[in-house]
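To keep things clear, I will list the structure first and then write my remarks on it.
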Amino acid sequence: MEHKAPWECTYAKEDKSKCKSGIPPKSDKGYFEILSLGVLQAGLGWKMVRQNWTRFKHGFYDFNIAKLAEMRSSDLMKEPGVIRNRKKVQAIIHNAREFQKIIREHGSFSNFLKSLKTMKDEEAFKALMKRFRHVGEYTAEYYLHCVGYWK
């Protein structure tokens, strides 16, 4: 079964010993959606995010990278279903643009992650933190776990 969202994993409950790494998404959009979930979840309760996930997906155009990369935060925040946190909205727009750059540079986001395999874990976290907004060390680690980076 595909690892659809981080809350399906016991890692979200801090029980890392029983948690298996997620399955890599099948598309760049899948990688972007999971990253966006981490951005949206930061500082909020998992339950609230999970209960509103369908609404968030709709508001953020199903995490369509090209569509979001073209948006302005002031316009996106008017959409029903979009969380009313300007910094998170700006981060998702920035991250969509960064995803586009990475895809141009590496051919796919999966290839970009493969390029991080030569680094120590902490360096890989820093590489993600450098390129993406609203991604700290915990979110970077959690993201790599969710997308099957350590398989």
**Condition check for VAL82: part of a loop (DSSP other than H, G, I, E, B), surrounded by 14 or more Cβ atoms within 10 Å (Cβ to Cβ) and either of a type in the set (D, E, K, R) or on the phi < 0 side of the Ramachandran plot (or both)** = yes
**Request:** Any residue in the range 33-55 that's over 16 Å from ILE92 (Cα atoms): show its pairings with residues that are among the aliphatic types (A, V, I, L, M) and at pLDDT below 85 at Cβ separation under 6 Å, as long as the two are six or more apart or on different chains.
**Result:** TRP46/ALA12
**Request:** Could you tell me whether the range 98-113 includes any residue that is of a type in the set (S, T, N, Q) and within 17 Å of GLN41 (Cα to Cα)?
**Result:** no
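Residue-wise test of (1) free of Cβ contacts under 8 Å to residues at least 40 places away in the same chain; (2) among the basic types (Lys, Arg); (3) in contact with a Lys or Arg (Cβ under 8 Å, 6 or more places away or on another chain).
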{"site": "VAL89", "(1), (2), (3)": "yes, no, no"}
{"site": "ILE93", "(1), (2), (3)": "yes, no, yes"}
{"site": "ARG97", "(1), (2), (3)": "yes, yes, no"}
{"site": "SER108", "(1), (2), (3)": "no, no, no"}
{"site": "SER115", "(1), (2), (3)": "yes, no, no"}
{"site": "GLU123", "(1), (2), (3)": "yes, no, no"}
{"site": "LEU128", "(1), (2), (3)": "yes, no, no"}
{"site": "GLU141", "(1), (2), (3)": "yes, no, no"}
{"site": "VAL147", "(1), (2), (3)": "no, no, no"}
**Prompt:** If you go through the range 17-41, how many residues are surrounded by fewer than 18 Cβ atoms within 10 Å (Cβ to Cβ) and at pLDDT below 85?
**Reply:** 6
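What is the residue count in the range 116-151 for residues that are touching a His at 6+ places or on another chain (Cβ under 9 Å) and of a type in the set (D, E, K, R)?
We begin by selecting, within the range 116-151, every residue touching a His at 6+ places or on another chain (Cβ under 9 Å); these are 132-134, 146-148.
Now restrict to residues that are of a type in the set (D, E, K, R): 133.
Adding up the residues that qualify gives 1.
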**Complete:** Considering residues that are under 23 Å from GLY22 (Cα atoms) and surrounded by fewer than 20 Cβ atoms within 10 Å (Cβ to Cβ), the number found within the range 103-113 is 6
**Asked** Do the conditions hold for VAL89, that is, is it modelled with pLDDT of 95 or more, outside any helix (DSSP H, G or I) and in contact with a Leu (Cβ under 9 Å, 6 or more places away or on another chain)?
**Response** no
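The values are calculated or read from the model by the stated rules, or taken from the named source; none is laboratory data. Note that this is a predicted model, so its numbers are computed, not measured. Here Cβ is always computed from backbone atoms with ideal geometry, including for glycine, and neighbour counts include all displayed protein chains.
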